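J.: Got a structure for you, written out below as structure tokens; questions coming shortly.
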Amino acid sequence: MLTAALGLMALAPPPRLGDPLPGRDGAPGKAFEDVVVVESDGRQILVDAAGVVRRVFAAGAPVRQETQIWLEGRALWRDVCARCHGIDGRDTGYPGTRSMQGYGNGKTDEQILRRIETSSTVDVSVYSARDRRALALFVGGL
């Protein structure tokens, strides 16, 4: 790799959302519970008790505030969305429902939010802008 040849340190690619963080011993069935922020390769990453990456924070992001918003999104998901999509976003048993696992990979929070606002069977316009953003942050980590 050119950066290695020049003696520059290249950061590893960020972990994929919804994948286990290497080296984390998680407890199956603990997904989305007891989230913590860990440092890996110079990045701050939100990881749940199952060791699954739920959010990779941008450099300089207000991590504590973003984590709180993510937790609010988790609560909204459980109250509104999990009935059809399942607690982990994998359920497709309800007619017309698709798996949401991995949905956030390669998408911005804004793209996820637009998709939720335009294709959801639930009228999310009744929720505040903060709640809709929180839901988008959570969905991004499924």
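J.: May I ask for the equivalent-ellipsoid semi-axes of region 96-140, computed as the square root of five times each C-alpha gyration tensor eigenvalue and listed largest first in whole Å?
T.: On the way: eigenvalues 52, 36, 13 Å².
With the √(5λ) rule applied to region 96-140, the semi-axes are 16, 13, 8 Å.
J.: Then there's this: Once fully extended, how much extra length lies between Gln65 and Ala129, figured as 0.36 nm per residue of separation less the alpha-carbon to alpha-carbon distance? Display every interim value, and only then the final one.
T.: Values: separation 64, 0.36 × 64 = 23.04 nm, distance 1.55 nm.
In short, 21.5 nm is gained.
J.: Subtracting the Cα-Cα distance from 0.36 nm times the residue separation, let me have the gained length for Val36 to Glu117 in nm, one decimal.
T.: Working: separation 81, 0.36 × 81 = 29.16 nm, distance 2.87 nm.
So the extension gain works out to 26.3 nm.
J.: So, by mean Cβ neighbours within 10 angstrom, what's the order for 111-121, 63-73, 130-140 with the highest one leading?
T.: Result, highest mean first: 130-140, 63-73, 111-121.
J.: Starting from 0.36 nm per residue, how many nanometres of slack lie between Arg78 and Gln101 once their C-alpha separation is accounted for?
T.: 6.8 nm
J.: Output the peptides 37-44, 86-93, 103-110, 50-57 sorted from most to least packed, where packing is the average of other Cβ atoms within 10 Å over each peptide's residues. Write down the numbers at each step before the final one.
T.: On the way: 37-44: 13.0, 86-93: 16.1, 103-110: 14.6, 50-57: 20.6.
Packing proxy ranking, top to bottom: 50-57, 86-93, 103-110, 37-44.
Read-outs throughout are calculated quantities, based only on the coordinates presented, and are distinct from any laboratory measurement. Predicted model, so just to flag it, every value in this text is computed and none were measured. Cβ: placed from backbone, ideal geometry, glycine included. Neighbour counts: every protein chain shown.
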